[in-house]
There are 4 protein chains.
Amino acid sequence: MTHKIAILGASGYTGAELVRLISGHPNMDIVALSGERKAGMRMADVFPHLRHMQLPDLCRIDEIDFSDVGLCFCALPHKTSQEVVRELPASLKVVDLSADFRLRDPDAYQKWYGNPHAALDQQREAVYGLTEFYRDDIRGARLVAGTGCNAATGQFALRPLISAGVIDLDEIIMDLKCAVSGAGRSLKENLLHAELSEGYNAYAVGGTHRHLGEFDQEFSALAGRPVKVQFTPHLIPANRGILATVYVKGDALAIFDTFSAAYADEPFIEVLAFGDTPSTHNVRGSNFVHIGVTADRIEGRAIVIAALDNLTKGSSGQALQNANLMLGEEETTGLMMAPLFP
Amino acid sequence: MTHKIAILGASGYTGAELVRLISGHPNMDIVALSGERKAGMRMADVFPHLRHMQLPDLCRIDEIDFSDVGLCFCALPHKTSQEVVRELPASLKVVDLSADFRLRDPDAYQKWYGNPHAALDQQREAVYGLTEFYRDDIRGARLVAGTGCNAATGQFALRPLISAGVIDLDEIIMDLKCAVSGAGRSLKENLLHAELSEGYNAYAVGGTHRHLGEFDQEFSALAGRPVKVQFTPHLIPANRGILATVYVKGDALAIFDTFSAAYADEPFIEVLAFGDTPSTHNVRGSNFVHIGVTADRIEGRAIVIAALDNLTKGSSGQALQNANLMLGEEETTGLMMAPLFP
Amino acid sequence: MTHKIAILGASGYTGAELVRLISGHPNMDIVALSGERKAGMRMADVFPHLRHMQLPDLCRIDEIDFSDVGLCFCALPHKTSQEVVRELPASLKVVDLSADFRLRDPDAYQKWYGNPHAALDQQREAVYGLTEFYRDDIRGARLVAGTGCNAATGQFALRPLISAGVIDLDEIIMDLKCAVSGAGRSLKENLLHAELSEGYNAYAVGGTHRHLGEFDQEFSALAGRPVKVQFTPHLIPANRGILATVYVKGDALAIFDTFSAAYADEPFIEVLAFGDTPSTHNVRGSNFVHIGVTADRIEGRAIVIAALDNLTKGSSGQALQNANLMLGEEETTGLMMAPLFP
Amino acid sequence: MTHKIAILGASGYTGAELVRLISGHPNMDIVALSGERKAGMRMADVFPHLRHMQLPDLCRIDEIDFSDVGLCFCALPHKTSQEVVRELPASLKVVDLSADFRLRDPDAYQKWYGNPHAALDQQREAVYGLTEFYRDDIRGARLVAGTGCNAATGQFALRPLISAGVIDLDEIIMDLKCAVSGAGRSLKENLLHAELSEGYNAYAVGGTHRHLGEFDQEFSALAGRPVKVQFTPHLIPANRGILATVYVKGDALAIFDTFSAAYADEPFIEVLAFGDTPSTHNVRGSNFVHIGVTADRIEGRAIVIAALDNLTKGSSGQALQNANLMLGEEETTGLMMAPLFP
């Protein structure tokens, strides 16, 4: 059976990445692509790398007939997304890639995003989209909230450890390096090639990055008590990839064993040999996560490093993985392509 | 039916690219991977981006049992390849990615490569592997010689024009820009990140690049008289991609019409709208070729620009396309993945 | 004697480059920096790499007291510049970096830039700023028009050859590769790191780039008859550098000798050994031009390649070189810094 | 007075950087350049970006007449350096850029570098070259040991805090990002453009990087008791720059005040406004260090970030700064050039 798919916000990077991935999916057919400001344009003109595909032209959302759409990906900006999702047919399956439905507590949402939530009914219904940890809920969900790309990376590096109680919950420091496509197609001076290439810097230093809302929510729920991590993202001159270097206190071998057990059957998560170090080079364009554990020279400390592609596993690949579950497809369909190297 | 595949020289970039592509092919199964200096190593240690795959360890060529191998890709260095292919079972289907079997004239081979050919029998048997122009011969071939990556790009931009007689054969200038993976995994100072990134330069200036041997052979055969082009390659700080900017004398619209007709049914060749300009950004990681034609302000002159990914369409993707034909598979199987952007 | 210097348009790349260069000049003192939209800001906030310098804050042009300014650099956008220069004190020495005063013929200006010129008096007075060829005029000029960065590169590669009559004037093809800072600090999708890095493309194909106006004017004047070159620029994923690959018909050795003689005494122009090939890597951040000549395998044809840094020799370095002449300083003062490599 | 300068190991990046810097120094004259494997070559052939300079050809060390050399920079590989320095004239002033004379304890040297030290007399005599903290000793030294580039960055971020007692000495985590030129001109697969660009990874994870020897020595000496930091370097796809993100426990404002006081009179160290974040973009090619302090959302924790150019302030610029002191020159001579941006 072929599922009819709509993608809202198809003129951004996560939208284009969804089209790329779905082009290799045997049972999905894209029937609608929206892009408000570029409505009427051909996708080939917005993204010439997709010109070989037969795709509908970009349209406005209100032009889409959702009656036979099997699932809708929503790749709209934060805040816009909740206003749009609120108005979609109540029975339509939706995978939302924005931040709008990630936080269960409306107060937490307002604290991190600065505005009251405009679609509280939908927010209550939403399932958090970190597939490996919410698989059963996602299978039966109508609305799935894709995670933040940094938030996904950090959770792959920490959830099993928090669940297993093998690290000190008050001493977690996550130093994260991310590539520029995570910032989307926004026109900002610091995202220009001339200003980004050949240099790097931290940003949102001191615990102000919004993905901390997800960490706080998820880690505290896992631990059964408040958990606050230190988190500093850095912008690196590359297009795809997130590397989270996580400093924890605990026994490195116990940590390694915990990961090995937790991820033994996961098709997309690769735990490297003890002491090996992942690189974003090795996951580019793929849905894989590489995780490495090393003991520090200081006893009782370990370093956990996780790498993934922010646009794939961190966003659109995760979304497709969730859509597969929601539609009764094999979870891995369309997602097993090897990374692109070099 | 599943074809058993061997890849010789699997520790280089074209070898790894073959593995990546074949991982998405439903009817191919890799049974042997050779790498003389890295024999005994796991592929996951040589190319960690392939660690999720079940692959044979690297071995020496003499350890391979070819008896049930359906097709062998040979991604060895020039000169080594002819010595190896000469010793392979005479009935084994082989796609060679080196330069060793591209030139039909042994003198031309010696002129461009500096040594006498060591496998003249095989050379006589070899079919030139530019699929779109040698499709029927390839279907029945035992040994196919993959083209040079620059040679492929230039031929896509010129063959239909030479065949149709719409350009001046004595006034062809090809200014080509190629990414660094075309140089392979060789350890040279000018290929270091510190020396290549942030700058660019021409090389092999003046008509000394070996791919001119292929241009001379193919264009002269097409024209029925000697054709010599001017050809200057440039090394660009990027990893994948070739852009050929070809300056010709002829009517731009006639040129455009010639391409449109010649490539109308080609699954991998996209002729852009008249006046549009291709970019290597839009073909990365894919088997597609983008071609654009523009009229110059000087009457009677046109610029033809062709873009492809040197490791895919310029090398390993072309090889798989040819293997599909040789094995009776659909030509496009395993090759329709969309480019990776950004 | 210390010259008081004003820089209009100091919040762009050429403005910042002027500040960088002048910081190493013993006899210049920056007394005013304008930036209309960023007026009131500290330069350290606009360009943190300049934070160690004592600099005036950015202001509006109308806030500047020009009475004791010895020379004013005008690094404003095209069209704005002519409106501003028209209103400056008539005795103020000005080096303009925009395109506004480069073309002597008002019709040519309108043809290439699309609007009638608004400062014809000043245009008549302006001296074309290619120092090596207009040195004496520049010494006595009040208003000097900086050249286009591509235009400068192409002229270094061709002027001596046209003057000496050693090439065919009807068969000049210039394939130029330029880095992204030439596009300025403009917020456009194709200048984002995510869209530019890792790929390249031609633009303004077919003879539509505005710098052709300068080539036409200068080459025709030199030759004493109309000369039209073919010119195709390409955008390369790097921040600084222009490489012009010029295909000419003529004797390569005669061409080499012509360059050797013409540039023998030039402090900034390096003619490489015959057959050597320049690279933009070797001029980055400096005021030097590297030029190489190679004979093609086709008799009677040669390739001339010129490399320079678009922000330095192609723009702000050239401007400072001209300012030195206008102020009676040594031409090379503040400009002899070595390139930055790697 | 002009000092005659020799540079041993001039064919590597730090050697070339020394030449670049000295080219702007009014009182230094390079009289000898050694490069064992490239002896006899012109510098212009090894580093074409220096071709405009009048420089001696590369020679073997034993060809140099040191009798009138005022100071010798030694930019040789580790281990080679001690063997060479041991044989130099005992009165010759030497700035060594290798690791050979950084560690005062021969056992520590052997632990981190794996071999017994071969020049213990010289090692005893050597002064540690972190100018800002050893200024007086350096002024009178005969042999100065340049610091590790990472070691310099980390010390700028921590020394004043350790001296002032404002942070917890047992809870220091330094996550460092460095550009590839720090690895020198070595031919390794992971330093190739094709393998480094577009991705990043940690290395020497777990406390195995040799620069920890310097941290242990210096921080313990400052504190008067053993101090061990956690230190994880990462390789970033850029050519120049080190960014150290240091996680400390202490009051952020006290930390900021400590830096402000400690560095108030330092010509090369810029303390950013509280909460501001440095970037390697803003120090490229210069001798400046930018330092920022931010309070974390978790009370009692702060993040200190330091940025410098590894080849300049982290190596050759530091070396020249020390040489200036040793020769009685102004410390800043030849070193005040502004960073190159973009």
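The values are calculated or read from the model by the stated rules, or taken from the named source; none is laboratory data. All values reported here derive from a predicted model rather than from experimental measurement. Methodologically, a virtual Cβ is constructed for each residue, glycine included, from the backbone with ideal geometry; neighbour enumeration extends over all protein chains shown.
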Search result, residues across the stretch A:175-222 that are of a type in the set (Val, Ile, Thr) and closer than 13 Å to A:Asn239 by Cα: A:Val180
Qualifying residue in the stretch C:242-262 (condition: within 25 Å of D:Ala16 (Cβ to Cβ), more than 9 Å from chain B (Cβ to nearest Cβ) and part of a loop (DSSP other than H, G, I, E, B)): no
Residue under evaluation A:Gly241, criteria (1) surrounded by fewer than 24 Cβ atoms within 10 Å (Cβ to Cβ); (2) of a type outside the set (Phe, Trp, Tyr); (3) on the phi > 0 side of the Ramachandran plot, criterion not met: (1)
Residues satisfying the stated conditions in the stretch C:149-159, i.e. surrounded by 24 or more Cβ atoms within 10 Å (Cβ to Cβ) and not hydroxyl-bearing (Ser, Thr, Tyr): C:Cys149, C:Asn150, C:Ala151, C:Ala152, C:Gly154, C:Gln155, C:Phe156, C:Ala157, C:Leu158
All positions within the stretch D:109-124 that are surrounded by 16 or more Cβ atoms within 10 Å (Cβ to Cβ) and part of a helix (DSSP H, G or I): D:Tyr109, D:Trp112, D:Tyr113, D:Gln122, D:Gln123
Where D:Val166 falls short, out of the listed (1) in contact with a Lys or Arg (Cβ under 8 Å, 6 or more places away or on another chain); (2) of a type outside the set (Gly, Ala, Ser); (3) part of a loop (DSSP other than H, G, I, E, B): (1)
In the stretch D:308-342, the residues that are out of contact with any Ser or Thr (no Cβ under 9 Å at 6 or more places or on another chain) and at positive phi: D:Gly328
Cβ-Cβ under 8 Å pairs, at least 6 apart or on other chains, the stretch C:330-342 side within 11 Å of another protein chain (Cβ to nearest Cβ) and buried (at least 21 other Cβ atoms within 10 Å of the Cβ), far side among the β-branched types (Val, Ile, Thr) and not in a loop (DSSP other than H, G, I, E, B): C:Gly334/C:Ile22; C:Ala338/D:Val19
Test result for A:Ala307, more than 10 Å from chain D (Cβ to nearest Cβ) and either touching a residue at least 12 places away in the same chain (Cβ under 8 Å) or of a type in the set (Ser, Thr, Tyr) (or both): no
D:Asn282 vs. criteria touching a His at 6+ places or on another chain (Cβ under 6 Å) and of a type in the set (S, T, N, Q): yes
Residue count, the stretch D:137-171 (criterion: assigned by TED's automatic domain parsing to the domain that holds D:Ile255 and among the charged types (D, E, K, R)): 4
Of all residues in the stretch A:263-302 being in contact with a Leu (Cβ under 9 Å, 6 or more places away or on another chain), touching a residue at least 24 places away in the same chain (Cβ under 8 Å) and more than 10 Å from chain D (Cβ to nearest Cβ), the one that is surrounded by the fewest Cβ atoms within 10 Å (Cβ to Cβ): A:Pro267
Whichever residue in the stretch B:192-208 is more than 22 Å from the chain's Cα centre (by Cα), in a loop (DSSP other than H, G, I, E, B) and at the interface with chain C (Cβ under 7 Å from one of its Cβ atoms) and, among such residues, is surrounded by the fewest Cβ atoms within 10 Å (Cβ to Cβ): B:Gly206
Flag if D:Ile7 is in contact (Cβ under 8 Å) with a residue 40 or more places away in the chain and among the β-branched types (Val, Ile, Thr): yes
Count of residues meeting criterion [part of a helix (DSSP H, G or I), within 16 Å of B:Ala221 (Cβ to Cβ) and not charged (D, E, K, R)] in the stretch B:132-151: 3
Residues satisfying the stated conditions in the stretch C:235-283, i.e. within 17 Å of the chain's Cα centre (by Cα) and basic (Lys, Arg): C:Arg240
Identity of the residue in the stretch C:13-63, part of a strand (DSSP E or B) and not hydrophobic (A, V, I, L, M, F, W, C), that ends up nearest to the other protein chains (Cβ to nearest Cβ): C:Asp29
Tally of residues being within 19 Å of the chain's Cα centre (by Cα) and without any contact (Cβ under 8 Å) to a residue 60 or more places away in the chain across the stretch A:209-234: 3
Test set (1) closer than 28 Å to B:Pro26 by Cα; (2) without any contact (Cβ under 8 Å) to a residue 60 or more places away in the chain - A:Gly24 fails condition number: (2)
Flag if B:Ser220 is touching a Pro at 6+ places or on another chain (Cβ under 7 Å) and surrounded by fewer than 24 Cβ atoms within 10 Å (Cβ to Cβ): yes
Residue in the stretch B:310-318 that is crowded, with 22+ Cβ neighbours inside 10 Å and outside any helix (DSSP H, G or I) present: yes
Residue among A:Arg102, A:Arg139 that is among the charged types (D, E, K, R), touching a residue at least 40 places away in the same chain (Cβ under 8 Å) and touching a Phe, Trp or Tyr at 6+ places or on another chain (Cβ under 7 Å): A:Arg102
Boolean, C:Pro89 is over 29 Å from C:Asp121 (Cβ atoms), modelled with pLDDT of 95 or more and assigned to a loop (DSSP other than H, G, I, E, B): no
